[in-house]
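Working notes, structure below.
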Amino acid sequence: MTPATRQEVLGLYRKVLRIAKAWQSASGQIEETTREKEYIRNEARTLFRKNRNVTDPKLIKQCIEECEARIEIGLHYKIPYPRPIHLPPMGLAHKQGRTLRHQEKLRKISKPIYLKSHDEVS
């Protein structure tokens, strides 16, 4: 990891922690705000620690893009949780053969960038 990339990653981590510190839930309830702040901190801590040893520049860039996308979506919608995608699980595939494998590949490719690591952690 280059020093510039390291500084960018650390800057993102600090940005997420600052967002968590100032976070207000959409409902304005104290309990919900506390829960959402804790979720933001735990999610950031988990994902940043999981990707600590990543050395591939393309994968690092993908992780940075995912983090930035999740920050922007969270701030825009005022929801810290990832937004779900609305695809029926394997609804278009036959239950056997090449079509199933092809359909699984298409679903994996079509998954939004902000959900790439969510299934791995949750």
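The values are calculated or read from the model by the stated rules, or taken from the named source; none is laboratory data. Note that this is a predicted model, so its numbers are computed, not measured. Note that we place each Cβ from the backbone using ideal geometry, even for glycine, and neighbour counts take in every protein chain shown. These area figures cover heavy atoms from the full protein model, side chains too; ligands, DNA and RNA do not enter into them. Shrake-Rupley method; radii C 1.70, N 1.55, O 1.52, S 1.80 Å.
Points worth noting:
- Annotation: of all residues in segment 41-58 being assigned to a helix (DSSP H, G or I) and free of Cβ contacts under 8 Å to residues at least 60 places away in the same chain, the one that is farthest from the chain's Cα centre (by Cα) is 57.
- Residue-level check: of (1) open to solvent by 90 Å² or more (accessible area, probe 1.4 Å); (2) in contact with a helix residue (DSSP H, G or I) (Cβ under 9 Å, 6 or more places away or on another chain), residue 83 misses just (1).
- Cβ-Cβ distances below 7 Å connect the following pairs, each with a first residue in segment 66-83 that is under 20 Å from residue 8 (Cα atoms), a second residue that is surrounded by 14 or more Cβ atoms within 10 Å (Cβ to Cβ) and hydroxyl-bearing (Ser, Thr, Tyr), and a separation of six or more residues or different chains: 66/114; 66/117; 69/114; 70/114; 73/114.
- Residue selected from segment 1-17 under the condition among the polar types (S, T, N, Q) and part of a helix (DSSP H, G or I), by the criterion least open to solvent (accessible area, probe 1.4 Å): 5
- Counting the residues of segment 18-40 that are in a helix (DSSP H, G or I) and open to solvent by 70 Å² or more (accessible area, probe 1.4 Å) gives 8.
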